[in-house]
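Taking it in order: structure first as structure tokens, then the write-up.
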Amino acid sequence: MEIIWIIAISVFLISIFLFWKFTKGHFKKEYGKKIWNHWGSRIFYWQGVIFVGTGVTFFIMFLLKWTNLLTF
């Protein structure tokens, strides 16, 4: 059971990191430097990053369960 949590947390952190790495520059440019420095726009951005990371984690865990590579 512990291995499932380790895999899920690892997938979550990797998906958040990759999403952040690919989208940080785009959203900084989209918002502009002045608005990007406001906490409201950054919270909105990080909320989206966490939502996407959670969705990707659920999807990957579902695929691992569906292919019987991971049983729980």
Across the chain, qualifying lysine pairs (alpha carbons under 25 Å, at least 8 places apart or different chains) come out at 5
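What full-extension length gain, to one decimal in nm, is calculated for I35 and S10 as 0.36 nm per residue of separation minus the Cα-Cα distance? Mind showing how you got there, number by number?
Details: separation 25, 0.36 × 25 = 9.00 nm, distance 3.19 nm.
The span from I35 to S10 would gain 5.8 nm if fully extended.
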Accessible area of W46, 1.4 Å probe, to the nearest 10 Å²? 100 Å²
As I understand it, the value is the acute angle between the Cα axis of helix 2-31 and the longest principal axis of the Cα atoms of the chain; what does it come to in degrees, rounded to 10? 20 degrees
With -39,500 (n - 2.57) per DSSP H segment of 4 or more residues and division by the full residue count of the chain, the 222 nm estimate, nearest 500 deg cm²/dmol, is -30000 deg cm²/dmol
Could you check the spin-label model distance between T71 and I3? Points 7 Å from the Cα along Cα→Cβ, value in nm. 1.1 nm
Between helix 39-66 and the chain: long-axis angle, C-alpha atoms, 0 to 90°, nearest 10: 20 degrees
Here the relative contact order (percent) of the chain, from C-alpha pairs under 8 Å and at least 6 apart, is 50 percent
Fully extended contour minus Cα-Cα distance, from F58 to W20, at 0.36 nm per residue: 11.9 nm
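The values are calculated or read from the model by the stated rules, or taken from the named source; none is laboratory data. Note that the structure is predicted; figures quoted are calculated from it, not measured. So basically every Cβ, Gly included, is an ideal-geometry build from the backbone, and we count neighbours across all protein chains shown. SASA here: full protein model, heavy atoms, side chains in, ligands and nucleic acids out. Shrake-Rupley method; radii C 1.70, N 1.55, O 1.52, S 1.80 Å.
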